[in-house]
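Working notes for the structure below.
Derivation of every value follows stated rules applied to the coordinates shown; laboratory data play no part. Here the structure is a predicted model, which means the values were calculated and not measured. Cβ placement follows ideal geometry from the backbone for every residue including glycine, while neighbour counts extend to all protein chains displayed.
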Amino acid sequence: MRVNEHAITAAVILGLIALPVWALIMDEPFTITLVTRAVILALAAVGLNIVLGIGGLVSFGHAVFFGIGGYAMGILAYHAQTYTTLELGMLSTGGTKFMPVIWLVAMVVSAFVAGCIGLLSLRTSGVYFIMITLAFGQMFYYFAISWAQYGGEDGLSIYIRNDFPGLNTLVPIQFFAICLALLCLVLFLMARLQSSVFGLALNATRQSAIRAETVGLNPMRLRLLAFVLSGAVTGLAGALFADLNRFVSPTMFSWQLSGELIVLIIIGGVGRLMGPVIGACVFVTLEHVLGGLTEFWHIYLGVILLCIVLFARGGIVGLLTGKEGAHV
Amino acid sequence: MSLLQVQNLCAHYGSSQALFGVDLALSEGEVTALMGRNGMGKSTTVKAICRMIPSTGTLTLNGQDLHAWPSHKVARAGVGLVPEGRRCFADLTVTENLIAAARPGDWTLKTVSALFPRLGERAGQRAASLSGGEQQMLAIGRALMTNPRLLILDEATEGLAPLIRQEIWAAVRRLKTDTGVAILLIDKSLKELSSVSDHAVILERGKTVWSGPMDTLTRETSERFVGV
C-alpha cells in the first residue's frame with residue numbers, strides 16, 4: 001500500500017505531539033526527554049538533509065555545526081551564570097541566558113564557519129569532499145578537547161536551563177514544545193525551500209553539475225549557500241541539544257555524531273522532508289529499547305541500516321510512499 | 001558585428017587534440033548548420049563554445065571574450081544549449097526542470113507550453129518518465145527558459161520517431177520565424193538542415209573546411225564532407 005507523503009508528515013507530527021502528552025498524563029517525564037532528544041536530532045539531520053538530500057553532498061563533518069551550536073550556548077550561558085565577562089577582542093559581554101539570543105548566535109557562528117569550510121571543501125567532490133569535511137570535524141573536536149577554559153575534555157556543565165519568555169524551560173513538556181515548534185518551523189521552511197527556485201536549482205546541480213552549468217546555474221554558489229543554511233540549522237539543533245542536557249562536551253564535535261546524522265537520514269529517507277524526523281525517532285527508540293537490553297545495540301542498528309540500503313533505497317519514507325530517495 | 005565569432009578554435013581532450021582550427025560566425029536571428037561526419041568535432045566545438053572544455057583561439061559573444069568565463073556565465077550571457085542525448089534533470093518534474101533554468105525574458109512556462117503543448121500536458125510528470133521525444137522537447141524548452149540569444153541544438157532529433165522529428169523541426173522553424181534567436185544546428189538530416197538554415201559550416205577532422213550560405217552548398221561538397 002502506498003501512503004501519501006503529506007499523510008506521513010501529518011502522522012509523524014501528530015505522533016510527536018501525542019506521545020509527550022501521553023507521557024505527561026502518565027507522569028513519565030523521561031519519555032518526554034527522549035522525544036525531545038529525537039526532535040533535536042531530527043532538527044540537526046533536517047539541516048544536513050539540505051546538503052545531503054537536495055545537494056547530494058555527503059558532509060561527514062556536520063558535527064562541527066552541532067558542536068558550535070552547543071558551545072555557543074555553553075559559553076554564553078556559562079558567563080551569564082557565573083557573572084564573568086566574555087572577552088571577544090574589542091567586544092566584551094556578560095553572556096546571556098536568553099534562548100532566542102543564544103539560538104541566533106549559534107546560527108550565525110555556525111553559518112559563518114559553514115561558509116569558511118564550504119569555500120574550501122566545495123572545491124572538491126566525492127570522497128575528497130567527505131574527507132575534507134571529516135578533517136574539519138576532527139580539527140574542531142581536538143580544539144574543543146584542548147580548550148581548557150571551557151572544560152576541555154570534560155566539557156562544560158550549565159547549572160540551569162536557559163530562559164524563554166513566558167515558559168518554564170525546566171519543565172520537560174515546555175522545553176519539548178519549544179523544540180517541536182522550532183522543528184515544525186524549520187520543516188515548513190524546508191518544504192518551501194525544496195520547491196523554491198533555489199531548491200530546484202540545487203537539486204538539478206545534484207543530478208548533474210555540468211548540465212546545471214549549461215543552463216546558467218552556478219553549482220559552487222548554490223552549494224555554498226546550501227552549506228551555510230545547513231550549518232545554521234544544525235547549529236540551532238546543537239544549541240538546543242546542549243540546553244536539553246545542560247552540558248556541552250567535545251563529543252558534540254565527534255565524527256561519530258556526524259555519522260549518526262547521516263545514518264538518521266538514510267534510515268528515514270534521503271532528500272525526504274520527514275526522512276530525518278522518522279530516522280531520528282527510530283534511532284532514539286532503538287537506542288532506548290535495544291540499549292536497555294544490550295550495550296551492543298549498534299549491531300542491530302547496523303543490520304537495519306544494511307537492510308534499508310539494500311532493499312529500501314528511499315528509507316522508511318520511500319518504503320511507505322513507494323518512491324526512491326534522492327540519488328547521492 | 002557577429003553575435004558569435006569563432007576563429008581558429010583549438011581544443012584538446014587531455015593530450016589528444018580534437019579541434020585544429022574551427023571558424024564560424026553567427027549573426028542575430030540567423031540559423032547556421034554545423035555539419036560534418038561523425039567524430040569531426042561538431043559536439044566538441046559546441047562544448048568549447050559553452051566553455052565545458054578548455055580551448056584556445058578567438059571565441060566571442062557580442063564582442064566579449066568567452067574564454068574568460070565559466071560555463072554558467074556563458075549560459076547567462078545568452079547561450080542556450082540543448083545537449084546531445086537530451087540530459088534533462090530526471091528527478092525533477094517537467095515544470096521543475098523549466099523553473100530551475102528560468103531567467104527573465106519572453107520565454108516563460110506559458111510560452112514554452114505554447115511551443116510544445118505536450119509539455120503542458122505533462123507538467124507534473126517526472127522527466128525520467130517522459131518519452132524520448134518529450135524529453136527532447138523539455139531539453140529545448142529548458143534551454144529556451146534561459147532566454148538565450150543563441151540557441152545550440154546538438155543532434156536534437158537523434159533517435160526520435162519521424163512524427164516527433166517533424167514536431168521538433170516545426171518548432172525550430174517557429175523559433176526562426178517568430179523570434180530573433182540565433183540558432184546553431186547540428187543534425188544528420190541534410191534535407192531538414194537545408195530547409196531551415198541560412199548558412200552552413202562543415203568540419204573535417206576538427207577544422208572548418210567549408211562555410212557559406214546554405215543555398216550555395218553543392219551536392220558534391222556535401223557528399224565529399226558530410227557523406228550525404
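Structure notes:
- Long-range HN-HN contacts of B:Ile152 with modeled amide H, under 5 Å: B:Gly80, B:Leu81, B:Val82, B:Leu184
- Qualifying aspartates and glutamates (Cα of each under 16 Å from Cα of B:Lys176; at least 8 residues distant if same chain): B:Glu28, B:Glu30, B:Asp106, B:Glu167, B:Glu192, B:Asp198
- DSSP beta bridges confined to the protein assembly as shown are antiparallel in about 60 percent of cases.
- Distance from the stretch B:121-147 to the stretch A:266-328 (C-alpha centre basis), Å: 34 Å
- Relative contact order (percent, whole number), chain A, Cα cutoff 8 Å, 6+ residue spacing: 33 percent
- Gyration tensor (alpha-carbon) shape descriptor, the stretch A:5-262, a/c threshold 1.5: oblate
- Backbone HN-Hα couplings from phi across the stretch B:73-87 [Karplus 6.51/-1.76/1.60, Hz, Gly and Pro as x]: 6, 5, 5, 5, 6, x, 9, x, 10, 9, x, 4, x, 6, 6
- Tensor-based shape of the stretch B:1-73 (alpha-carbon gyration tensor, a/c under 1.5 rounded, otherwise prolate or oblate): oblate
- Square roots of 5 times each gyration tensor eigenvalue, C-alpha, the stretch B:4-225, largest first, Å: 27, 20, 16
- Cut-off under 5 Å, modelled amide H: who pairs with A:Gly95 long-range: A:Leu86
- Span from the the stretch A:115-178 Cα centroid across to the the stretch B:1-44 one, whole angstrom: 53 Å
- Residue with peak Gaussian network fluctuation, chain A [Cα springs, cutoff 10 Å], from A:Met73, A:Met190, A:Met107: A:Met190
- Whole-Hz couplings from phi, Karplus 6.51/-1.76/1.60, listed for the stretch A:203-211; x for Gly and Pro: 4, 4, 5, 4, 6, 6, 5, 5, 4
- Take each residue in B:138-151, count the other chain C-beta atoms within 10 Å of its C-beta, and the mean is 1.
- For B:Ala200, residues with placed amide H under 5 Å, excluding near neighbours: B:Ala33, B:Gly212, B:Met214
- Here's the picture: charge each Lys and Arg Cβ at +1 and each Asp and Glu Cβ at -1 in chain A, and of A:Met26, A:Ile50, A:Thr96 the one pushed furthest to the positive end of that dipole is A:Ile50.
- Gaussian network model of chain A, springs between alpha carbon atoms under 10 Å - residue of A:Phe136, A:Phe176, A:Phe241 with greatest fluctuation: A:Phe136
- Positive-end extreme of charge dipole, chain A - chosen from A:Ala38, A:Ala237, A:Ile117 (charges on Cβ): A:Ile117
- 222 nm mean residue ellipticity, helices alone, for chain B (DSSP H n ≥ 4; -39,500 (n - 2.57); rounded to 500): -9500 deg cm²/dmol
- Counted charge near B:Phe89, where neighbours are those whose Cβ lies closer than 11 Å (Asp, Glu -1; Lys, Arg +1): +4
- Per-residue average of Cβ from other chains inside 10 Å of B:94-107: 4
- Restricting attention to chain B, close to 60% of DSSP beta bridges with both partner residues there are antiparallel.
- Highest mobility in the GNM of chain A, judged by mean-square fluctuation with C-alpha springs under 10 Å and restricted to A:Leu88, A:Leu185, A:Leu305, is found for A:Leu88.
- Three-way shape call for the stretch B:86-162 based on the alpha-carbon gyration tensor, with the a/c threshold at 1.5: oblate
- For the stretch A:5-262, size of Cβ-based charge dipole, Lys and Arg +1, Asp and Glu -1, in debye: 640 debye
- When +1 charges are put on Lys and Arg Cβ atoms and -1 charges on Asp and Glu Cβ atoms, the dipole computed for the protein assembly as shown relative to its Cα centre reaches about 880 debye.
- Remark: mean inter-chain Cβ contacts per residue of A:201-213 equal 6, using a 10 Å Cβ-Cβ cutoff to other protein chain atoms.
- For the stretch A:241-256 and the stretch A:196-225, distance of Cα centres in Å: 33 Å
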